[in-house]
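The values are calculated or read from the model by the stated rules, or taken from the named source; none is laboratory data. Everything quoted here is computed from the prediction, not taken from an experiment. Quick reminder, even Gly has a Cβ in these numbers, built from the backbone with ideal geometry, and neighbours come from all protein chains shown. The area values use the complete protein model at the heavy-atom level, side chains included, leaving out ligands, DNA and RNA. Shrake-Rupley method; radii C 1.70, N 1.55, O 1.52, S 1.80 Å.
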Amino acid sequence: MPSLDPDVIAILKSLPPYAGHESAAPMLPRECYTSKAFFEFERDAIFAHNWMCVGRSAQIPNHGDCFGVSVAGEPAIVARTRTGDIRVLGAVCQHRGHVLNCNADRPEGLLRCPLHYWTYDLEGRLVGAPRMGDMLSQLRDTVRLPQIRYEIWHGFIFVNLDGKAPPLGPSLAKLDPYWDGYGEDELVTVPPVTAATPVPWNWKVNLENFTDAYHTEFVHRGTHDFAPSLHAALPGGGVTFTPMADGDNAIVRTVPMLQADGGMMSDGWGAEASFPAIESLSLEQRSRLTFAMVPPNLQLMFAPGVVSYTLLLPAGVTETFASSDRVTGGGWILPKSTLALPDFPDRAAAVLEGASKIWAQDVPVNNAMQAGKRSRFMPDGRYGPLETTLVQFNAWLLRSYHRALDAE
Ligand SMILES: [Fe+2]
């Protein structure tokens, strides 16, 4: 990696040591949330060296389907090839570097650079380059779009710009049992509508808010009471956490619901879920919600009727694009039978309404947390017993940060 900015090195040297994923690390210095230079450091240390979720394989069912993504600021295209495989390609024309896109006016099954009509198949091979004369055949043999490493995990496509990063699957093994009983072959995806404008807080603020079991009782009065973090009469007494081993890439909290088969409805979490419970789930699964963070950019929620997800696209230190039912609609993995219900549009609208109410409660909190990072009075911070996931996320970050500093 390029040599680090001196301001970034100063921030990194002020960090607490990484002492394992269960250690009670203090909060990060506020500059980690406010410094543009630190965000540029994270672009490489975090987003270019970890697995980034870019969408679902169901979004490109047929040969020729593709969509564009940005990974650590790099333009890329995710495509389905003629043989049915997925390819993730660096989306920069190998002629003179024009960025490629998946616009509808491209020839079927090909990518075409708008500048001089150089065309590529979806394996990334150059197939045409007008007016290049005798050079064409040699170009065809040698020019290829860069291939980016990817892995599919339960239908999610993850990419990694670091060719040496450990594989993704084992790092998410502790999440696999949560998929049991969902009947994945029968699930369909309603992708989130991609956000057009960014939210004005750091990407870490978004993840901290998502994973925080402590705030729901206070911030989400009226929308989250159905899934309490503390409730003596419910299984586990409330929220439960999972251990975090070194190398784990999932941070998980599970909360009980007041009744089985609840879920999102027009007022937030409630008994009359808009998406019907999946009958092949266990009673235990039908009685709980599991919130799983896959840092740095996927938030997952396992509910009895749906697995919903948010994709984060960090674009600047306080510019984070967030796409999910809370913000833009969609981000649902649910049974075909639910999608086929004649009143599905009404049900989806109710889920969006309820999720939007929760989001409306989170927006001022996230704004205020970001504002606090600019204050000289920001504390070193302390964590309580309901904040295990925040400690785990901090440790995950410290591990990545220290790894980059050690490599310097
Ligand atoms: Fe919240």
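Return the whole-Å distance between the Cα centroid of the range 268-344 and the Cα centroid of the range 41-103.
24 Å
Which value, in debye to the nearest 20, gives the size of the charge dipole of the range 79-179 about its Cα centre, when Lys and Arg are +1 and Asp and Glu are -1 at the Cβ?
Numbers: 13 positive and 10 negative charges, 33 e Å.
Value, rounded to 20: 160 debye.
Measure off 7 Å from each Cα along the Cα-to-Cβ vector at Arg221 and Gln59, then give the distance between these two points in nanometres to one decimal.
Rounded to a tenth, the inter-label distance reads 3.9 nm.
With a 1.4 Å probe and every protein chain kept in, tell me what percent of the accessible surface of the range 61-150 is carbon plus sulfur. Working shown, then result.
Details: 2250 of 4870 Å².
C and S fraction of accessible area: 46 percent.
Tell me the accessible surface of Leu341 in square angstrom (1.4 angstrom probe, heavy atoms of protein chains only), to the nearest ten.
That residue has around 50 Å² of solvent-accessible surface.
With a Förster radius of 56 Å, plug the Cβ-Cβ distance of Trp179 and Ala368 into 1/(1 + (r/R0)^6) and report the FRET value to the nearest 0.05. Could the numbers behind the result be given before it?
Values: r = 36 Å, r/R0 = 0.63.
The calculated FRET efficiency here is 0.95.
What are the ³J(HN,Hα) values, in whole Hz, obtained from phi via the Karplus relation 6.51 cos²θ - 1.76 cosθ + 1.60 with θ = phi - 60°, for each residue of the range 311-323 in sequence order, with x given for Gly and Pro?
Residue by residue, the range 311-323 yields 9, 9, 10, x, 10, x, 4, 10, 9, 10, 7, 10, 10 Hz.
With r defined as the distance between the Cβ atoms of Ala10 and Ala349 and R0 fixed at 45 Å, what FRET efficiency is calculated, to the nearest 0.05?
On the way: r = 50 Å, r/R0 = 1.11.
Calculated transfer efficiency: 0.35.
In degrees, nearest 10, range 0 to 90: what is the angle between the Cα axis of helix 388-407 and the longest Cα principal axis of the chain?
So the inclination is approximately 40 degrees.
If a/c stays under 1.5 just call it rounded; otherwise compare a/b with b/c (prolate if a/b is bigger, oblate if not). Do that for the range 181-291, with a ≥ b ≥ c from the square roots of the Cα gyration tensor eigenvalues. Can you show the working numbers first?
Working: a/c = 1.27, a/b = 1.13, b/c = 1.12.
Judged from the Cα gyration tensor, the range 181-291 comes out rounded (a/c under 1.5).
Evaluate the charge dipole of the range 170-403 about its Cα centre and quote only its size in Debye, nearest 20, assuming +1 on the Cβ of each Lys and Arg and -1 on the Cβ of each Asp and Glu.
Values: 16 positive and 24 negative charges, 192 e Å.
Result for the range 170-403 is approximately 920 debye, rounded to the nearest 20.
Select from Ser324, Phe377, Met293 the residue farthest towards the positive end of the dipole of the chain; place +1 on Cβ of Lys and Arg, -1 on Cβ of Asp and Glu, and compute about the Cα centre.
Phe377
If the reach is capped at under 19 angstrom between alpha carbons, list the lysines near Lys174, excluding any in the same chain fewer than eight residues apart.
none
Please compute the Kirkwood hydrodynamic radius of the chain from all pairs of different C-alpha atoms, in Å with one decimal. Please list the in-between numbers first.
On the way: mean 1/r = 0.0443 Å⁻¹.
Hydrodynamic radius (Kirkwood, Cα only) of the chain equals 22.6 Å.
Around Met265, which amide H atoms from residues at least 5 apart in sequence, or from another chain, sit under 5 Å from its own amide H, with H modelled in the peptide plane?
Gly270, Ser274
For the range 95-236, what does the convex hull of the Cα positions come to per residue, in cubic angstrom? If you can, show how the numbers build up before the last one.
On the way: hull volume 32.5 nm³, N = 142.
Taking the convex hull of the Cα positions in the range 95-236, it is 229 Å³ per residue.
Taking only the alpha-carbon positions of the range 237-348 and ignoring solvent, what does the Debye formula give for the base-10 log of I(q)/I(0) at q = 0.17 Å⁻¹?
For the range 237-348 at q = 0.17 Å⁻¹, log10 I(q)/I(0) is -0.90.
Starting from the Cα coordinates of the range 10-75, work out the convex hull volume and express it per residue in Å³. Could you put the intermediate results ahead of the total?
Numbers: hull volume 8.7 nm³, N = 66.
Spelled out: Cα convex hull of the range 10-75, divided by residues, is 132 Å³.
Pick out which of Arg382, Arg87, Arg144 has the largest mean-square fluctuation in a Gaussian network model of the chain, springs linking Cα atoms closer than 10 Å.
Arg382
Of Ile77, Ile60, Ile251, which is the most mobile in a GNM of the chain whose springs link Cα atoms less than 10 angstrom apart?
For the chain, modelled as a Gaussian network with Cα springs under 10 Å, the answer is Ile60.
Taking only the Cα atoms of the range 170-403, how large is their convex hull per residue, in Å³? Can you show the working numbers first?
Values: hull volume 29.8 nm³, N = 234.
Normalising the Cα hull of the range 170-403 by residue number yields 127 Å³.
Taking amide H atoms as placed 1.01 Å from N in the peptide plane, list the residues 5 or more away in sequence, or in a different chain, whose amide H sits under 5 Å from that of Val188.
Leu334, Lys336
Using the crude model of +1 on Lys and Arg Cβ and -1 on Asp and Glu Cβ, and no other charge, please compute the dipole size for the chain relative to its Cα centre, in debye to 20.
Working: 33 positive and 44 negative charges, 189 e Å.
Charge dipole, the chain, about its Cα centre: 900 debye, nearest 20.
When the Karplus curve 6.51 cos²θ - 1.76 cosθ + 1.60 is applied with θ = phi - 60°, which whole-Hz ³J(HN,Hα) does each residue of the range 43-58 get, with x for Gly and Pro?
3, 8, 5, 9, 6, 9, 10, 10, 7, 9, 7, 10, x, 10, 5, 5
With the other protein chains left in place, how much accessible area per residue, in square angstrom, belongs to the chain at a 1.4 angstrom probe?
Value for the chain: 43 Å² per residue.
Among the listed pairs Lys36/Lys204; Lys13/Lys164; Lys204/Lys373; Lys13/Lys36, give every one whose C-alpha distance is greater than 23 Å. Don't skip to the answer; put the middle values down first.
Details: Lys36/Lys204 14 Å; Lys13/Lys164 25 Å; Lys204/Lys373 12 Å; Lys13/Lys36 17 Å.
Too far apart for the 23 Å limit: Lys13/Lys164.
Of the accessible area of the range 170-403, with the probe set at 1.4 angstrom, what percent is carbon plus sulfur? Don't skip to the answer; put the middle values down first.
On the way: 5210 of 9180 Å².
Looking at the range 170-403 in its full context, I get 57 percent from C and S.
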